[in-house]
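Asks: The structure is given below, and queries will be raised subsequently.
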Amino acid sequence: MTDIKGNLRRHTLERRDLVSPEEAHRAAEAVARQGAALVERLAQGGRPIVAAYWPIRSEVNTRPLIEALCAKGFRVALPVMTAVRRPLLFRAFEPGDELEKGPFGLSEPPVEKPEVEPEILFAPLAAFDRRGYRLGYGGGIYDATLAGLRAKRPVVAIGLAYSLQEAASIPTEPHDQRLDGFVTERETISCL
C-alpha cells in the first residue's frame, strides 16, 4: 500500500508543481470565492470557527480564502503542528497577525494566540477522489486531527486542491478520515 500511495503522491505533486504563477493566482481567487460561499452555506447564519492552513510549496494559496472569510466575519484559525501522526492544535488568526516558524518549519500563530477548535476545516492534500478520500503528505496528521475532533462533535472537513490533483481512486487504510467535500478552481465537490 505504501508504494501505491507513494507513487500516486509523487505523480500528483509533480503535476501540481507545474502550475504556472498565473494559473495559481487565478485558482486561489476561484477557491477563495467558492470556499467562502461554501462556509456561508454550511454556517446557516452562524459564525463557526474555520480552520485553514498557511500554504507551503505549490499548494493552493489559501491567503485569499482566509481574507474572504475574515471579511465576512468568520473566525479563522491556523494549525500548529506538535508531532508527526499527532493531532494538530489550532490557534486564532486574522490577516496581519504575525506568524512564527514552528518546530517543523511551518508558519504558525504564536503561543500567545488563543487555542480554538474548528467546526469547519480546510485541509491540504496531494491527491483526492470523489468518494471523499484525500492522500496527504504521509504523516497522518490530518487523519489524527479529524479523528480527535470528530470524537468530540461533528466537524466538516473540506480538501483544497487544483483539479489536476483528482485521482480515480485513493487507496485507503482504516485510519483514513473521509472528507465531506473538496474545492478546486473549477468546482465544489460534495461527498456527503
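A short reminder: the numbers here are calculations on the coordinates, not readings from a lab. Model, not experiment: these values are computed from the prediction. Counting neighbours? That spans all protein chains shown, and the Cβs are built from the backbone with ideal geometry, glycine included.
Asks: Where the centre of each part is set by its Cα atoms, how far does the stretch 18-40 sit from the stretch 47-119, in angstrom?
Replies: Computed from Cα coordinates, the inter-centre distance equals 17 Å.
Asks: Provide the percentage of antiparallel DSSP beta bridges, counting only those with both residues in the chain; round to the nearest 5.
Replies: 50 percent
Asks: Only sites in a loop by DSSP and with at most 13 other Cβ atoms within 10 Å count here; which chymotrypsin sites (Phe, Trp or Tyr not before Pro) in the stretch 26-131 make the cut?
Replies: Counting only loop positions with at most 13 other Cβ atoms within 10 Å, the chymotrypsin sites (Phe, Trp or Tyr not before Pro) in the stretch 26-131 are PHE104.
Asks: Show me, bin by bin at 10 Å from 0, the whole-percent P(r) of the chain based on Cα pairs.
Replies: 9, 39, 40, 12, 0
Asks: Next question. What is the total of Lys pairs in the chain with C-alpha atoms under 28 Å apart, excluding same-chain pairs fewer than 8 positions apart?
Replies: Close lysine pairs found across the chain: 5.
Asks: Per q in 0.23 Å⁻¹, report the Debye log10 I(q)/I(0) for the stretch 73-173, using one uniform scatterer on each alpha carbon and no solvent.
Replies: Log10 of I(q)/I(0), two decimals: -1.34.
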